[in-house]
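Structure first, commentary second.
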Amino acid sequence: MSTFQAPKGTYDLTPPRSATFLAVREAISAPLRDSGYGYIETPGFENVELFARGVGESTDIVTKEMYTLTTKGGDQLALRPEGTASVLRAALEANLHKVGNLPVKLWYSGSYYRYERPQAGRYRHFSQVGAEAIGTEDPALDAELIILADQAYRSLGLRQFRILLNSLGDKECRPVYREALQTFLRDLDLDEETRRRIEINPLRVLDDKRADVQKQLTDAPKLRDYLCDACKAYHEEVRALITAAGVAFEDDEKLVRGLDYYTRTTFEFVHDGLGSQSAVGGGGRYDGLSEMIGGPELPSVGWALGVDRTVLALEAEGVELDLPATTSVYAVPLGEEARRVLFGVVTELRRAGVAADFAFGGRGLKGAMKSANRSGARYTLVAGERDLAEGVVQLKDMESGEQTAVPLTEAAAELAKRLG
Ligand code: HAM
C-alpha cells in the first residue's frame, strides 16, 4: 500500500476538479439563499443518541453505518451521518423557533460520514448541501423545496434527472397500513433477515432490490389506499403546486426512504446516468422528529442533495460548467530587481480586486510562461533588467498574443481598466 492513500471509501478533492465541487455547492445553495433560507453550521459530530433517536434505531444508518467513538471523558459521540437531526437540534437549542417567524428556514453544506460498502458514487465521507424548513405544516413549503432543487439541478445544466414523489402518511394512518403490510409480508417466502425487517421496519421490505422479492410484492397492500383524508388532501395539494410550477415528477408508491423520521411527503431525485447509486438527492416531511428528540411539536420538511453524486451526474451527462479562470494576470520577473518590482505590482493588482499570480521560485522564462499558460490568465506581465531601466513592463495579451510595453507606474491601472 502506498503511504499516500486516503482511507478506504474516501477521496480527496484536488484542483482542477475541486473547482467543480465548489461550483455545485454554490449552484445548489443559490436558490435557497434567494428564498429566505439562512446559513447554519453545526459540529461534525453529535451525541450518538441524537441520531439513534432521530434517524431511527432500526435503520441501516444507525445500526451499521455510524462512526461512533467514546471520548476520553466518556461521552458517546458519532460522526454525523446526515444533517437533519443536527440542524433541528441546533434550532431548538438556539430557540430559533421562538424568536423568529415560522417556518425557520435554514440551509447547510458539509461533510457526512457513513460506514458503507464503498462503490462508485457511494463513499464513507461525502458532501451534502441541505435545506430544512422547520415549524410549519403547509404543502406550499414542501412544493417550494422540490421546486428549488429542480431549479438548482437545471441551473447546473442537468437534464437526465427525475423526481420521485410519494406520501408516507402520518401518525394516524401509517400504523394501520403498517399492520396490514406486516400481515401480508409474513405469508411470503423470505429469508431470515428480511423476516426480521418485517417486524422492525416493514416498509423497507418494499424497497428490496431483489427480483424474486419484488415478484412476491405485486399484490402488497398499497399505502395510497390507507392514507387518511387529511394526508390525501395534503398530498394532492403538493402535487398540484409542483405541477403548476411546471416541474415534472413521477408518483412512486415504492419510495420509502432509509431514515425513520419521514411522514407524508417524501421524494427523491434520481439520475439515470449513475448506475445503482442513482439518488442524487432526497428528502421529505418529518413532522414527528422534533418530539422524537425531546422537543415541542414542530412539523418540518427538508432535503439534502449529494454534491459528489451531482458532480458524477454532470460528468455522466458531459456537462462542462463554465468556470471562469481564477487568475487574470500572471507576472513573470526576469532577475532579482524585476522580482521585487513585479511582486509589488501583483500586490497592487490584488488590492485593486484583480486576481493575480506570480512566478515564484526564480524559474527561467520558459518554465514561467508555461505556468502562466496553465493558470488561464488573460494577461502576462514580463519584466527584465532592460525593461526596468526603461521604466516599462511588457504586457502580453494571452488570447491575441499581442505584446505592448506599458510604463511601470501605469501597469496596474491599465490592467484593471482592460479587465473591466
Ligand atoms: P439521504 O437520502 O440519506 O437523506 O441523503 C441525501 C443524499 O446524500 C443522497 O441522495 C445522496 O446523493 C447523498 N449520499 C448519501 N449517502 C451517500 C454516500 N454514502 N456517498 C455519497 N453520497 C451519499 C438525508 O441525508 C436526509 N437528511 C435528507 C433530508 C433533509 N430529509 C429531510 N431533510
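Please treat every number below as a calculation from the coordinates, not as lab data. Note that the structure is predicted; figures quoted are calculated from it, not measured. Counting neighbours? That spans all protein chains shown, and the Cβs are built from the backbone with ideal geometry, glycine included.
Between the alpha-carbon centres of segment 59-103 and segment 302-347 there is a gap of 35 Å.
Given R₀ = 25 Å, what would the calculated FRET efficiency be for A140 paired with S111, taking r from the Cβ atoms and rounding to 0.05? So, using R0 = 25 Å, E works out to roughly 0.20. Modelled spin-label separation between D229 and T183, with each label point placed 7 Å from Cα along the Cα-to-Cβ direction: 2.4 nm.
Pick from A325, A316, A304: which residue has the top mean-square fluctuation in a GNM of the chain where Cα pairs under 10 Å get a spring? The residue with the greatest mean-square fluctuation here is A325. Over all Cα atoms in the chain, the spread is summed up by Rg and Dmax: 27.4, 93 Å. In the Gaussian network model of the chain, springs joining C-alpha atoms below 10 Å, which of P299, P175, P81 carries the largest mean-square fluctuation? Of P299, P175, P81, the most mobile in the Gaussian network model is P175. Modelled spin-label separation between E385 and E172, with each label point placed 7 Å from Cα along the Cα-to-Cβ direction: 9.0 nm.
Restricting the trypsin sites (Lys or Arg not before Pro) of segment 100-194 to loop positions (DSSP other than H, G, I, E, B) with no more than 15 neighbouring Cβ atoms within 10 Å leaves R159, K171. Taking a point 7 Å out from the Cα of A244 in the direction of its Cβ, the residues of segment 139-166 whose backbone N falls within less than 17 Å of it are 139-148. Computed over segment 266-310, relative contact order equals 34 percent, with contacts defined as Cα pairs under 8 Å that lie 6+ residues apart. Calculate how many DSSP beta bridges within segment 329-418 are antiparallel, expressed in % of all such bridges and rounded to the nearest 5. Bridges in segment 329-418 are about 55 percent antiparallel. For segment 322-420, the list of chymotrypsin sites (Phe, Trp or Tyr not before Pro) that fall in a loop by DSSP and count at most 15 other C-beta atoms within 10 angstrom reads F360. Defining a contact as two alpha carbons under 8 Å apart and six or more residues distant in sequence, what relative contact order in percent does segment 283-330 show? With pairs under 8 Å counted, the relative contact order is 27 percent. The string of couplings for segment 208-225 from the Karplus curve (6.51, -1.76, 1.60, θ = phi - 60°) is 4, 7, 6, 4, 5, 6, 4, 4, 6, 8, 3, 9, 4, x, 9, 4, 3, 6 Hz, one whole number per residue in order, with x for Gly and Pro. Taking the chain as a Gaussian network of alpha-carbon nodes connected by springs under 10 Å, the highest mean-square fluctuation of the residues S328, S167, S109 belongs to S328.
Averaged over residues, the count of other Cβ atoms within 10 Å places the peptides 393-403, 266-276 in the sequence 266-276, 393-403, highest first. Applying 1/(1 + (r/R0)^6) with r as the Cβ-Cβ distance of T3 and R210 and R0 = 45 angstrom yields a FRET efficiency of 0.65. Taking the longest Cα principal axis of the chain as reference, the axis of helix 229-244 is set at about 30 degrees.
Each part reduced to its alpha carbon centroid, segment 260-277 and segment 34-53 end up 20 Å apart. Ordered by the number of other Cβ atoms lying within 10 Å of each residue's own Cβ, fewest first, V129, V406, V301 fall into the sequence V406, V129, V301. Note the angle between two axes, namely the Cα long axis of helix 307-317 and the longest principal axis of the Cα atoms of the chain, as a number of degrees from 0 to 90, rounded to the nearest 10. That works out to roughly 80 degrees. For the listed peptides 193-200, 220-227, 332-339, a ranking on the average number of other beta carbons within 10 Å per residue, highest first, reads 332-339, 220-227, 193-200. Legend note: in the chain, cysteines whose Cβ sits 4.7 Å or more from every other cysteine Cβ are C231. With helices as the sole contributors, the chain gives -11000 deg cm²/dmol at 222 nm; each DSSP H run of n ≥ 4 counts as -39500 (n - 2.57), and the sum is divided by every residue. Distance between the C-alpha centres of segment 128-177 and segment 362-420: 52 Å, rounded to the whole angstrom. In the chain, a dipole from Cβ-located charges (positive for Lys and Arg, negative for Asp and Glu) runs towards its positive end, and of G353, V406, G318 it is V406 whose Cα lies farthest in that direction. A Förster radius of 41 Å combined with the Cβ-Cβ distance from E315 to K222 puts the calculated FRET efficiency at roughly 0.65.
Other residues within the sphere of radius under 14 Å centred on the Cβ of L106, judged by their own Cβ, net out at -1 (K and R +1, D and E -1).
With a cut-off of 9 Å between beta carbons, the residues surrounding M292 carry a summed charge of -1, where Lys and Arg count +1 and Asp and Glu -1. For the chain, the longest principal axis of the Cα atoms and the long axis of helix 84-93 meet at an angle of about 90 degrees.
Taken over the C-alpha atoms, segment 329-418 has Rg and Dmax values of 11.5, 30 angstrom. In terms of surrounding Cβ atoms within a 10 Å radius of their Cβ, I146, I40 rank from fewest to most as I40, I146. This ranking places D142, D308 by how few other beta-carbon atoms lie within 10 Å of each, fewest first, which gives D308, D142. In the structure displayed, which of K64/K209; K8/K366; K105/K209; K105/K417 lie more than 30 Å apart, Cα to Cα? Distance filter (> 30 Å) returns K8/K366; K105/K209; K105/K417.
How would segment 244-388 be classified by its alpha-carbon gyration tensor: rounded, prolate or oblate, with rounded meaning a/c under 1.5 and the a/b versus b/c comparison settling the rest? Verdict is prolate for segment 244-388.
With the simple model of a label 7 Å out from the Cα in the direction of the Cβ, R351 to R196 spans 6.8 nm.
Which one of Y379, L69, Q394 has its Cα pushed farthest toward the positive end of the charge dipole of the chain, where Lys and Arg give +1 and Asp and Glu give -1 at the Cβ? Most positive-ward Cα: Q394.
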